[in-house]
Amino acid sequence: MPNSNACSENMPNSNAVTSILHDLYPDADCALEHRRAHELLFATIMSAQTTDANVNRVTETLFQKYRSVRDFAEADPEIFSQEIRTTGFFRNKTKSVLGAANMLVDEFGGDVPDTMEDLVKLPGVARKTANVVLGTFFGKPLGVVVDTHVKRLAYRIGFTTHTDPVKIEKDLMDAFPRDEWIFMGHALILHGRAVCEARKPKCDECALVALCEKNGVA
């Protein structure tokens, strides 16, 4: 996906950024606990506007009760909404998770599809969620996960001037080779949580500071 914005002569050295992040986070991976594709899918849907740690606390018991996609599809919406209440926006998330489960049963034989085209048909699933599932579970680098951390770091470091997640993703896909797309999404998220915080980035502790265009300017 070519993008002229990502080809600016002022763009930071993506190879240097990649090397540093590999040193900092060699085992970077998705923090959402899961064993099956549908667990990762539903956990990612529930992770919107909350922390992965919070979702993991909820799914620790949720995934014991609802073991299959059909279990989710047959769940009582009122009971389910209370079970995931602490994730926030629980009614909308209930509609998305149970709606996705029903579509998986009705149209995909209860299996989570491994294509972007099919995943984004599911309720509550856009490119970010689809990229999490495709990259983390299926090992398919079809894009870069762009959450709030990645969005912030991509702008601060200088890989994008956009605010739209789809345009940011295209810029990152242009900046990094395909075999780094899965890693970069996870590593940028980890760095955003640990160092490049939204309100008060720890620039004096940041290994990327020499490569950072904004140096902490939001």
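The values are calculated or read from the model by the stated rules, or taken from the named source; none is laboratory data. Values in this document were obtained by computation on a predicted structure and should not be read as measured data. No Cβ is skipped: glycine too gets one built from the backbone with ideal geometry, and neighbour counts run over all protein chains shown.
Things to note:
- Selection within the stretch 1-28: residues that are modelled with pLDDT of 95 or more and exposed (fewer than 14 other Cβ atoms within 10 Å of the Cβ). The member of this set that is nearest to the chain's Cα centre (by Cα) is ASP27.
- Of the residues making up the stretch 31-48, those that are in a loop (DSSP other than H, G, I, E, B) and within 12 Å of the chain's Cα centre (by Cα) number 4.
- Extreme residue, surrounded by the most Cβ atoms within 10 Å (Cβ to Cβ), among residues of the stretch 48-72 that are within 14 Å of HIS34 (Cα to Cα) and acidic (Asp, Glu): ASP52
- HIS186 meets the stated requirement of being in contact (Cβ under 8 Å) with a residue 40 or more places away in the chain and assigned to a helix (DSSP H, G or I).
- Across the stretch 99-147, the number of residues qualifying as crowded, with 20+ Cβ neighbours inside 10 Å and of a type in the set (S, T, N, Q) comes to 3.
- Every pair of residues 6+ apart whose Cβ atoms lie under 7 Å, when the first sits in the stretch 118-144 and is over 10 Å from THR44 (Cβ atoms) while the second is among the β-branched types (Val, Ile, Thr) and surrounded by 18 or more Cβ atoms within 10 Å (Cβ to Cβ): LEU119/VAL125; LEU119/VAL133; GLY135/VAL145; GLY135/ILE182; PRO141/ILE182
- Condition check for ALA154 on (1) crowded, with 19+ Cβ neighbours inside 10 Å; (2) among the small types (Gly, Ala, Ser); (3) in contact with a Pro (Cβ under 8 Å, 6 or more places away or on another chain): one failure, at (3).
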